[in-house]
Amino acid sequence: MTAREAGYAVEPQPAATLPVAGSDLVFPVHRVYCVGRNYAAHSIEMGGNPDREAPFFFQKNPDNLDTGGSFPYPSASSDVHHEIELLVALKSGGVDIPVAGALACVYGYGVVLDMTRRDLQAKAKELARPWETAKAFDHSAPCTPIVAADRIGHRSEGAIWLDINGERRQTGDLNQMIWKVPEMISYLSGLFCLKAGDVILSGTPSGVGAVQRGDLMHGHIDGIGDLDVRVI
Ligand code: MN
């Protein structure tokens, strides 16, 4: 059947999905929300304030998530940074979700890289322009399959780190997040109607830096898994 016969004016793009680990199910991605500066040490390295200010968010596109294991070095940048992060996948949502009820919205977790065209982001900051070109570009969120919370429970602590070519570059612990997972869900739900399929990238510990073509990025979060991504 052609797109037109199916009632579409143009060819529809396939829905963005992520594999679910240990399952033949896929997780249908609705939106991708990202938290900025959620670890004090990273906030300081970016010139910010380590205190508990209100969280801020930006978005990536659902099809920026990529479990293919490679990261094509993007055009229009010569300073692309790695940011290793905890991915939170929601199974339900709503508005004004109380902190105490927020974990009930979580389907599972993953390991994700918030790849960033830092030079474009610096320019955007300088000109007070939005961040999409720096953050929401194609293949900008390499990640693992989703691991269901039914299998591993909820993660509020555990080591998170990233190696480049076997050398440790980023280290932290989930317990260092300024805004914890239930708090970020609750806060986000005051700004947006959260839905099943929404994904949250929860911010990166310190040690961000540039990658080069050929680099092997190896990310890890205790109890969730490992992510290997080659920069090509
Ligand atoms: Mn980030």
> With respect to the numbered conditions (1) free of Cβ contacts under 8 Å to residues at least 12 places away in the same chain; (2) aromatic (Phe, Trp, Tyr); (3) within 16 Å of the ligand (Cβ to nearest atom), which one is the sole condition not fulfilled by residue 8?
Replying inline: (3)
> If we keep just the residues of the stretch 154-210 that are surrounded by 15 or more Cβ atoms within 10 Å (Cβ to Cβ) and of a type in the set (Lys, Arg), which is nearest to residue 55 (Cα to Cα)?
Replying inline: 180
> If you take the residues in the stretch 111-124 that are among the charged types (D, E, K, R) and within 14 Å of the ligand (Cβ to nearest atom), which one is surrounded by the most Cβ atoms within 10 Å (Cβ to Cβ)?
Replying inline: 114
> Could you list, in sequence order, the residues of the stretch 102-148 that are small (Gly, Ala, Ser), in contact with a helix residue (DSSP H, G or I) (Cβ under 8 Å, 6 or more places away or on another chain) and in a helix (DSSP H, G or I)?
Replying inline: 102, 124, 134
>> With the condition being under 22 Å from residue 105 (Cα atoms) and among the aromatic types (Phe, Trp, Tyr), I'd like the strands (runs of 3 or more DSSP E) fully within the stretch 167-232 carrying at least 3 qualifying residues.
In response: none
> Is there any pair with a first residue in the stretch 66-91 that is over 30 Å from residue 195 (Cα atoms) and assigned to a strand (DSSP E or B) and a second that is modelled with pLDDT of 95 or more and within 16 Å of the ligand (Cβ to nearest atom) whose Cβ atoms are under 6 Å apart and which are 6 or more apart or on different chains, and what are they?
Replying inline: 80/117; 80/211
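The values are calculated or read from the model by the stated rules, or taken from the named source; none is laboratory data. Here the structure is a predicted model, which means the values were calculated and not measured. Note that each Cβ is placed from the backbone with ideal geometry, even for glycine, and that neighbours are counted across all protein chains shown.
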